[in-house]
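Visitor: Have a look at the structure that comes next, please.
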Amino acid sequence: MIIREREPLNLEMPFAELGGSLTPNGRFYVRAHFPIPQPDMKTWRLKIEGAVARPFELSYDELRQMETRTLTATLECAGNSRVFLVPQAEGAQWGLGAVGNAEWTGVPLAAVLDRAGLEAGAVEVILEGADRGRIKEPPRPAGEIHYARSVPRAKALKDVLLAFKMNGAELPAAHGFPVRAIVPGWYGVASVKWLTRIIASEQPFTGYFQSIDYTVWERRGGRPVLVPITELLVKSEIARPEMAEVVPADADYRVHGAAWTGDAEITKVEISHDRGATWHAARLLGQPLTHAWRLWEFHWHTPAQPGPQTLLARATDSRGRQQPTDRDADRGSYLITHCLPIEVEVR
Ligand SMILES: Nc1nc2c(c(=O)[nH]1)N[C@H]1C(S)=C(S)[C@@H](COP(=O)(O)O)O[C@H]1N2
Ligand SMILES: [Mo]
């Protein structure tokens, strides 16, 4: 793993080593804002409170005895690929590997909310982690805050999972032990780790991680408005060749990578080796699965002439959304989904 920061822990997968569809737990990127909490499992409880008829608490054993569901979901950090931004943006300089795909097992959030009796007036559900700390950069609230994010009522009831297993193993400490939320089809920021409180809210939540940080500008009627980062945007990444790789001239080379999107399926991945003038269809591997990435490959016959070459990949989804060629500056240092140039040397 590539260490982006030690404390708090931020690790990136070397994306060139992309193998099968599921990312092994030890290869899955880690993004943390505060030190990893160490729960005492004898006293640990998950609290369900706020706009509910019957607030209650669950011990770890009680949670694990509830009916489970398993789903596959891709998590991508909203700042993944930041190193490609010109000029350089502030924040961790993630390359291609702040993304991973895993199989998550746990209890549907809907089952827990149902037991609590979600009030009709609850518009959002706030998910709060046990981790806390101080924000370094202003504007910031005073003192320590917990990591927290909200999901709208409909999403909370549809497919949010309270996961305690990752790829069949106990959820690792860095990924949220004992329980984390998985918000399928959304940027990783929404999938709160080290979950301890679930709070039904009658007002939209405007916590730090969705009003100050993890927001982008969106044009509405031509005017920029600040919106929280939510659903994943369509994106593909090339695993091999990797940046600055030397590839043999006049040879067959297997270009491969992964593509993902929000509430839809990947329908097309194309490759260009002439800076976007022409595009060639890549082959999608395996079967489509909503919320999971799709691996793809492309057989490239490299040029006979030695010299620099730039490869681009472009994905399209079943809702007709396609990766843009150019960067949208309104996105600041997040949502880096334009076609990322992979520069190689043919020799
Ligand atoms: N409690 C808590 N949950 C969190 C975070 C955090 O710092 N604290 N980071 C979020 C962000 S920004 C991302 S991208 C994902 C990363 O999940 P992972 O570390 O399992 O890959 O967790 C999210 N959940
Ligand atoms: Mo993130």
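Visitor: If you check G286, G257, G262, which single one turns out to be in contact (Cβ under 8 Å) with a residue 12 or more places away in the chain and crowded, with 21+ Cβ neighbours inside 10 Å?
Guide: Within the list G286, G257, G262, the selection yields G257.
So that you can scan it fast, the table gives a plain yes or no per residue for (1) open to solvent by less than 10 Å² (accessible area, probe 1.4 Å); (2) within 16 Å of ligand 2 (Cβ to nearest atom); (3) within 30 Å of G20 (Cβ to Cβ):
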residue: G100; (1), (2), (3): yes, yes, yes
residue: A110; (1), (2), (3): no, no, no
residue: A130; (1), (2), (3): no, no, no
residue: I135; (1), (2), (3): no, yes, no
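Visitor: Moving on. Among the residues of region 289-321, write down those that are within 26 Å of the chain's Cα centre (by Cα) and open to solvent by 80 Å² or more (accessible area, probe 1.4 Å).
Guide: Result: L289, R319.
Visitor: What is the one condition in (1) touching a residue at least 12 places away in the same chain (Cβ under 8 Å); (2) of a type outside the set (S, T, N, Q); (3) assigned to a loop (DSSP other than H, G, I, E, B) that D274 does not satisfy?
Guide: Result: D274 fails condition (1) only.
Visitor: Now for a different question. Would you mind stating whether T267 is open to solvent by 20 Å² or more (accessible area, probe 1.4 Å), in a strand (DSSP E or B), touching a residue at least 24 places away in the same chain (Cβ under 8 Å) and of a type in the set (S, T, N, Q)?
Guide: yes
Visitor: Something else: Going by what's in this entry, would D250 be described as modelled with pLDDT of 95 or more and within 22 Å of V160 (Cβ to Cβ)?
Guide: no
Visitor: For region 326-347, name all the residues that are in contact with a strand residue (DSSP E or B) (Cβ under 8 Å, 6 or more places away or on another chain), part of a loop (DSSP other than H, G, I, E, B) and open to solvent by 20 Å² or more (accessible area, probe 1.4 Å).
Guide: Of everything in region 326-347, those that are in contact with a strand residue (DSSP E or B) (Cβ under 8 Å, 6 or more places away or on another chain), part of a loop (DSSP other than H, G, I, E, B) and open to solvent by 20 Å² or more (accessible area, probe 1.4 Å) turn out to be G332, Y334, P341, R347.
Visitor: Now a separate question. So, restricting to strands (runs of 3 or more DSSP E) that lie completely within region 192-264, which ones have at least 2 residues that are out of contact with any helix residue (DSSP H, G or I) (no Cβ under 7 Å at 6 or more places or on another chain) and among the polar types (S, T, N, Q)?
Guide: It comes to 195-201.
Visitor: Going by the structure shown, is A122 touching a residue at least 40 places away in the same chain (Cβ under 8 Å), of a type in the set (A, V, I, L, M, F, W, C), away from ligand 2 (no atom under 16 Å from the Cβ) and open to solvent by less than 40 Å² (accessible area, probe 1.4 Å)?
Guide: Yes; evaluated as a whole, the condition is true for this residue.
Visitor: Also, I was wondering about something else. Sort out which residues of region 68-117 are under 16 Å from T337 (Cβ atoms) and among the hydroxyl-bearing types (S, T, Y), and write them in order of number.
Guide: T74, S81
The values are calculated or read from the model by the stated rules, or taken from the named source; none is laboratory data. What you see is a predicted model, and the numbers here were worked out from it, not measured in a lab. Because the Cβ atoms are built from the backbone with ideal geometry, glycine has one as well, and the counts that use them run over all protein chains shown. SASA here: full protein model, heavy atoms, side chains in, ligands and nucleic acids out. Shrake-Rupley method; radii C 1.70, N 1.55, O 1.52, S 1.80 Å.
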